[in-house]
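No lab work stands behind these numbers, since they all come straight from the coordinates. None of these values were measured; they are calculated from a predicted model. Backbone-built Cβ (ideal geometry, glycine too); neighbour counts: all protein chains shown.
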Amino acid sequence: MSEATPASLAPRTTSVSPAVALIGGGALLLWGGTAIANKIAIGHMDAMTAGVLRSLLAGLIAAGAAFAWRLPFPKPARQRGLLAISGITSFAIWPLLLSLGLGLTTASHAALIMAMIPVFTGLIAAGFERNWPRAGWWTGVVIAVIGAFFLVFYRTDGALLADGGSVAGDLIILSGAGICALGYVAGGKLTPVIGTWSTTFWGLAIASIVLIPTFVLLAPRTDWSSVGAGGWAAIAYLTIMSSLLGYAGWFWALGHGGIARIGSWQFAQPVITLALAAMVLGEALTWPLLVAGGTILVGTAIAQRKTNSP
């Protein structure tokens, strides 16, 4: 099979198709609940075990589906390398680091740090393609980051390290964000070649090879008889919604809308997380939070519009 041209290198366009907007936005909505579900899960079990279990279960489901549906597996060494990078970084290392970091810091800090993923995604994609983003992209990035910092600064009552936050947890999630971005770029480049489902499901299957022995080592750290229905429901959400459907939709959007352009949309994820927290956990939405969220959305829109504009 000849390698198709990645969408990020395709002829420049000034708009995103409705399908890309719908599927990419849907993936962000699913991921908006990830931090909340992860927090619930680590309240029932060891943080590292929760991070491994979500992707392990998703990997076992994905492996069975990939074989049953006879999804194409890449043959060229370069494509297999992209699949291995995408699977191990996105589905093994990142969920583990996110869960571990959330056990040490707050969901607000996690939301801020995860807003940096589009920056890493754009920079890594630019490095691969040797084509640095234009000035408009950087303008949108700066605006969105300012909004994200204000968002978290307000929620922690003026102290970035208060409210249970920890430098160690922040650094763990920050390192994971960079690793996650690498997986996004690899998956986004492979999707136009073998398809969204193949990239996602085979990536999860590869990750499960690493996660099975890891889970065996970590399992004794959790008293499984004490894990309640809420904990299992959170794991189910992380497995099906975040890992399977979320990644499939996101890789499809990256492959069809451009890595740097669509990647910038993830600046909106902290806003989605706050909205879901208000609905699920009853947290109040105040005007300062809405202003900060609006700033993030404005920055996202500018970055998205300017990435591939002439």
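Quick rundown of the values:
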{"item": "Burial order of peptide ranges 237-246, 212-221, 168-177 (average beta-carbon count within 10 Å, highest first)", "result": "237-246, 168-177, 212-221"}
{"item": "Full-extension gain in nm, ARG130 to VAL291, via 0.36 nm per residue minus C-alpha separation", "result": "54.4 nm"}
{"item": "Spin-label proximity, SER175 to the stretch 197-224 - amide N less than 11 Å from point 7 Å beyond Cα toward beta carbon", "result": "none"}
{"item": "Difference of contour (0.36 nm per residue) and Cα-Cα distance, ARG221 to ALA84", "result": "46.5 nm"}
{"item": "Phi to ³J(HN,Hα) by Karplus 6.51 cos²θ - 1.76 cosθ + 1.60 over the stretch 170-175, Hz, x for Gly, Pro", "result": "4, 5, 5, 5, 4, 5"}
{"item": "Cβ-Cβ FRET estimate between PHE149 and MET279, R0 fixed at 22 Å, reported to 0.05", "result": "0.35"}
{"item": "Residues of the stretch 231-262 with amide N under 14 Å of the 7 Å Cα→Cβ point at ALA19", "result": "249, 252-258"}
{"item": "Gained length - ALA77 relative to TRP138, 0.36 nm times residue gap less alpha-carbon distance", "result": "18.5 nm"}
{"item": "Cβ crowding within 10 Å averaged over residues, with 19-29, 73-83, 248-258 ranked highest first", "result": "248-258, 19-29, 73-83"}
{"item": "Virtual spin-label span in nm between VAL298 and TRP69, 7 Å along Cα→Cβ", "result": "4.1"}
